[in-house]
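*Asks:* My questions all concern the structure below.
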Amino acid sequence: MSDGLWLIVDRRGATLSVEHQSVRVDEPDGSFRRVPPALLEAVVIHGRNSVASDVWRLLAGQGVPAVLLPGRGHGPAAWVGGGLGGSLNIRRSQFRAAEDAQGCLLLARRMVQRKFRGYMDALIWAGHGESTFQNRLLELQSHLDEAVTLEHVRGLEGAAARFWYDWLAERIPEEWRFLGRNRRPPRDPVNAMLSLGYTLLATQAHSRVEAAGLDVHLGFLHQPVPGRPALALDVMEPLRPWVDLFVLGLLDRVVGPADFSNNDLDGCRLHKEPRGRFYSAWAYWNREVPPAVSGDDDVESVSGKGVGAWLQAEVRSLRAELESIRQEISA
C-alpha cells in the first residue's frame, strides 16, 4: 500500500469513473483529473457524488481504502475496503483470543500500554516531557500493570484520555472554545478537526487490518458494535495523540475560528475552502509523523516513514501476539 496521495472529492455533483486503469474525477465545472490507484493512500468522498461500481473494484484490487463522509456533517462515516485477505488461520486466532477472557485482557492491556507510550512520545516531541499529565500517566501505568479485568483496563484508558484533553485545553487559546472532547456531532472547531482526523486515521488502520486478514469489526479494547471497525480503532490508539498535536499545530496557522459554522443539527463544521487546507496539511503530516517511538520493543522495527508504516508495524505485532495467544490456548 502506498503512503502517497489522498484523493479528496469535496464538490457536490462530481462523478468518479475508471479510465485507463486510473480513477477519473469529473468536476461540475467541466474540469477533470485522473489518478492511478497505485499512487493513492486513501480516497475521501464528501456528500452526494456519483461513483461507478468499477471504481470500487479498482480501488479494492489495489488495496486503497475509501471513506464516505456526510455532506452536512451529520451521521456516521462509512468505510469501503477490499474485504478480508490473508489466511483464515489468523482470523481463527483472533476469534479464539476474543472468546478467551485472559487473552482478550492481555491484548487490551497491551493496546493501552501502547497508547500510554504514544502520549509520552508526543509529550517529549512537543517539549513537555515534564508535566502534571506525565505524573498522572505514570500513576495510571502502575495501575494498568495490575489490572485484572477488561473494565478496569478501559477505565484507566478513559482516565488517561480525560487528563490528556485537559492538558490540551490548557494550550489552546480561549477563542477556540475547547473545554474537552465532545462528538456526534462535535460542538466546537477543535473537536470538529479531531473527529475528522480520527476518521482519516481509522480509514488507514481499517485497510491495513483487513489486508492482514483480520476481522476489522472484532476488537479487544473497543467493544464490538454493529458498523464500528473496532479492531481498526484498537490499532490506531497509539497514534491518536499525534493527531491531537497535528490539530494543535493548525490553530491560527492554517485555520482560524472564523473558518467554522455551527448549528444544533450538524454541530460544528469546517467550511469547504479551509477544509482543503486541512487536507493538504494532513497529507504532508501523514508522511512525516510520528518521528519516534522511544525505543519501544513491543512493535517490530518500522520499515519506512509515516503513519502508514507505523500502522503496518502495529498490525504485524498484533498478528504475532494473536498467534502466541492461540498457541497458549491450545496448549
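*Asks:* Scan the stretch 213-234 residue by residue and report those that are in contact with a helix residue (DSSP H, G or I) (Cβ under 7 Å, 6 or more places away or on another chain) and modelled with pLDDT under 85.
*Replies:* Pro224
*Asks:* Which residues, counting only those in the stretch 246-274, are open to solvent by 20 Å² or more (accessible area, probe 1.4 Å) and part of a helix (DSSP H, G or I)? Spell out the reasoning first.
*Replies:* First pass over the stretch 246-274, keeping only residues open to solvent by 20 Å² or more (accessible area, probe 1.4 Å): 248-249, 252-254, 257-265, 269, 271-273.
Correct list: Leu248, Gly249, Pro257, Ala258, Asp259, Lys272, Glu273.
*Asks:* Can you pull out the residues in the stretch 186-212 that are more than 21 Å from Ala60 (Cβ to Cβ) and part of a loop (DSSP other than H, G, I, E, B)?
*Replies:* Those that are more than 21 Å from Ala60 (Cβ to Cβ) and part of a loop (DSSP other than H, G, I, E, B): Pro186, Arg187, Asp188.
*Asks:* Working only within the stretch 157-177, note down all residues that are of a type outside the set (A, V, I, L, M, F, W, C) and within 18 Å of His143 (Cβ to Cβ).
*Replies:* Glu157, Gly158, Arg162
*Asks:* Restrict the check to the stretch 196-204 and report whether at least one residue is of a type in the set (Phe, Trp, Tyr), crowded, with 17+ Cβ neighbours inside 10 Å and within 13 Å of the chain's Cα centre (by Cα). Don't jump to the end; show me each part of the working.
*Replies:* Residues of the stretch 196-204 that are of a type in the set (Phe, Trp, Tyr), as a first pass: 198.
Still in the list and also crowded, with 17+ Cβ neighbours inside 10 Å: 198.
Then drop every residue that is not within 13 Å of the chain's Cα centre (by Cα), which leaves 198.
Yes.
*Asks:* Considering only residues that are under 23 Å from Trp310 (Cβ atoms), out of contact with any Gly (no Cβ under 7 Å at 6 or more places or on another chain) and not basic (Lys, Arg), which ones fall in the stretch 84-115?
*Replies:* Hits for the stretch 84-115 are Ser93, Gln94, Leu106, Leu107, Ala108, Met111, Val112, Gln113.
*Asks:* Among the strands (runs of 3 or more DSSP E) contained in the stretch 1-97, which hold 2 or more residues that are modelled with pLDDT of 85 or more? Explain how you work it out, then say what you get.
*Replies:* Working: elements: 5-9, 15-19, 22-26, 32-35, 40-46, 66-69, 78-80.
Filter on the stretch 1-97 gives 5-9, 15-19, 22-26, 32-35, 40-46, 66-69.
*Asks:* Same structure, new question: Kindly indicate whether Asp215 is among the charged types (D, E, K, R) and either in a helix (DSSP H, G or I) or closer than 22 Å to Pro70 by Cβ (or both).
*Replies:* no
*Asks:* Hey, another quick one. Go through the stretch 147-177 and count every residue that is within 15 Å of Arg117 (Cβ to Cβ) and open to solvent by 40 Å² or more (accessible area, probe 1.4 Å).
*Replies:* 0
*Asks:* Here is a further query. Considering only residues that are open to solvent by 20 Å² or more (accessible area, probe 1.4 Å), more than 17 Å from Arg162 (Cα to Cα), in a helix (DSSP H, G or I) and touching a residue at least 24 places away in the same chain (Cβ under 8 Å), which ones fall in the stretch 116-146?
*Replies:* Scanning the stretch 116-146 gives Ile124, Trp125.
*Asks:* How many residues does the stretch 287-329 hold that are modelled with pLDDT under 75, open to solvent by 60 Å² or more (accessible area, probe 1.4 Å) and acidic (Asp, Glu)?
*Replies:* The number of residues fulfilling the criteria is 4.
The values are calculated or read from the model by the stated rules, or taken from the named source; none is laboratory data. Small disclaimer: the values here were computed from a predicted structure and weren't measured. Neighbour counts are summed over all protein chains in view; Cβ atoms, including those assigned to glycine, are modelled from backbone coordinates with ideal geometry. Remember, those area values only see protein heavy atoms, side chains included, never the ligands or the DNA or RNA. Shrake-Rupley method; radii C 1.70, N 1.55, O 1.52, S 1.80 Å.
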